[in-house]
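**Student:** Below is one structure. I have some questions about it.
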Amino acid sequence: MPARFEDKVLGSSITTASRLPWTNAPVRSTGELYPYLSKRLAELHDYLPLSVTLFSDPEIEESAMVSFLEELPGQFEREFRLRNARRERFVNMNLLSEQEIHEILTGHRQVQPWALYFSREGGLGVLSQNLEVYREDVSSGVVPCTSMPNHGVAWRKTSAEDCQIWLATARKEGLDWDWDSDIGHESAHSSFAPVPLFAQALHVNPEITSLDTVNNIQYLSTDHLARMSYTYSEIAVIAMRGEQRNTKTGLPVVEQPEELYAFLELSHQLMPDLGFDRALTSCKRANGQIDVDDSVEIYEIGASVMRVLPHISKLTNSFAIPTIDFYKSIS
């Protein structure tokens, strides 16, 4: 954290004038928060995303930002202790080795910088339904999540071929920060389960055929593959947090047991060495209804999807959906 926050008691400002990366709107910014946060999290700092920045609309009082920043380390500490306890469960069940899960959770923290946006009314500063903002010929933008439009993936072109991306997180419109959803869940995405730009853009086409209509990987469309990529990221977060969803499966994205079975079977066909066959057997044993808080099944499913994450991390800033051959190369 810049020295100006540390010197707040002396009356100096904690922010400087800046621009919001995805709209170019005038905002204030703290600059990089990682040094400030890591200093306060001691032995747990390895779970932090390597880049965290807080932006705010000019109307937000600096005192509100100070309060938020003072609360943040304590919230992270509770989150990371939970994550650490579940990490130990994966190891004790012999699903992932200590070295393997450590690499998954800490080895790719730089791939998706996290932009926290303290907007005036809440939200990301764009119309949540205006998903046509995702176009490759646009220099910057953000694709909000359809179910959580205050969360999204933002990008800014740095050249004709490359772009910089952020995990973009704001409060819900008209509400205060939700420490569990806005901070706990989103910090997991930014630190070990990135949401690729192509996967978030999947929401532009909500009429995708369900995975349970596909019985062989040769029939997977690019949209199916993007949906699967998004599912790996979301289930990995659920597995590491114990975040039960109000769906028939208890999981996000694959909300019906039949689609969950298909997701695991197709994943096994694509990547037969990652343990998806064991996950499918476990899932069927539970009739596709997963207790994500404390069940063998969530850990067996979680171990498989988490092995995919380091490979997905290589494609985080891509507009292009990976091919079947990309997934088949994973081992």
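The values are calculated or read from the model by the stated rules, or taken from the named source; none is laboratory data. Nothing here was measured: the structure is a model prediction, and the numbers come from that model. Please note: Cβ atoms are built from the backbone with ideal geometry, for glycine as well, and neighbour counts cover all protein chains shown. These area figures cover heavy atoms from the full protein model, side chains too; ligands, DNA and RNA do not enter into them. Shrake-Rupley method; radii C 1.70, N 1.55, O 1.52, S 1.80 Å.
**Student:** Sum up the charges of everything whose Cβ sits under 13 Å from the Cβ of Glu103, counting Lys and Arg as +1 and Asp and Glu as -1, but leave Glu103 out.
**Tutor:** On the way: positive: Arg87, Arg109, Arg307; negative: Asp46, Glu98, Glu100.
So the environment of Glu103 carries a net charge of 0.
**Student:** Moving on. Over the range 26-108, what relative contact order in percent results from Cα pairs under 8 Å that are six or more residues apart?
**Tutor:** On the way: 54 pairs, mean separation 24.2, N = 83.
Computed over the range 26-108, the figure is 29 percent.
**Student:** OK, next. Under the Karplus relation 6.51 cos²θ - 1.76 cosθ + 1.60, θ = phi - 60°, what is the ordered set of whole-Hz ³J(HN,Hα) values for the range 29-39, x standing for Gly and Pro?
**Tutor:** Taking θ as phi minus 60°, the curve returns 9, 7, x, 5, 9, 4, x, 5, 5, 5, 5 Hz for the range 29-39.
**Student:** For the chain, what's the relative contact order in percent, using C-alpha pairs closer than 8 Å and at least 6 residues apart? Could you put the intermediate results ahead of the total?
**Tutor:** Working: 573 pairs, mean separation 50.8, N = 331.
With pairs under 8 Å counted, the relative contact order is 15 percent.
**Student:** Ignoring solvent entirely, what values of log10 I(q)/I(0) come out of the Debye formula for the chain at 0.11, 0.15 Å⁻¹ when each Cα is a single scatterer?
**Tutor:** At q = 0.11, 0.15 Å⁻¹ the computed log10 ratios are -0.69, -1.27.
**Student:** To continue, here is another question. Under 1.5 on a/c is rounded, so check that first for the range 261-322, then, if it is not, pick prolate when a/b is larger than b/c and oblate when it is not; a ≥ b ≥ c are the square roots of the alpha carbon gyration tensor eigenvalues.
**Tutor:** On the way: a/c = 2.38, a/b = 1.83, b/c = 1.30.
Here the range 261-322 falls in the prolate category.
**Student:** Please work out the average accessible area per residue across the chain, using the 1.4 Å probe convention, and give it in Å². Intermediate values should be presented prior to the final figure.
**Tutor:** Details: 13880 Å² over 331 residues.
So the chain comes to 42 Å² accessible per residue, rounded to a whole number.
**Student:** Across every pair of different alpha-carbon atoms, what Kirkwood hydrodynamic radius in Å does the range 212-331 reach? Walk me through the intermediate numbers first.
**Tutor:** Values: mean 1/r = 0.0706 Å⁻¹.
Computed over the range 212-331, the radius equals 14.2 Å.
**Student:** How much accessible area does Tyr230 have with a 1.4 Å probe, in Å² rounded to the nearest 10?
**Tutor:** Here the residue's solvent-accessible area equals roughly 20 Å².
**Student:** If the convex hull of the alpha-carbon atoms of the range 156-246 is projected onto planes in all directions, what is the mean projected area in square nanometres?
**Tutor:** Details: hull surface 33.6 nm².
That works out to 8.4 nm².
**Student:** Would you mind listing how long the range 45-198 runs along its three principal axes, going by Cα atoms, in whole Å with the largest first?
**Tutor:** 46, 41, 26
**Student:** In addition: Within the chain, what whole-number % of the accessible surface is contributed by carbon and sulfur, with the 1.4 Å probe and all protein chains included in the calculation? Before the final figure, lay out each step's value.
**Tutor:** Details: 6530 of 13880 Å².
Its accessible area is 47 percent carbon and sulfur atoms.
**Student:** When DSSP beta bridges are limited to those with both residues in the chain, what percentage is antiparallel, rounded to the nearest 5? Mind dumping the intermediate values first?
**Tutor:** Details: 19 of 28 bridges.
Antiparallel: roughly 70 percent of the beta bridges in the chain.
**Student:** Could you tell me the distance between the Cα centroids of the range 198-255 and the range 36-107, to the nearest Å?
**Tutor:** 25
**Student:** Follow-up question, since we're still on this one. Could you give the distance between the Cα centres of the range 275-331 and the range 163-180, to the whole Å?
**Tutor:** 26
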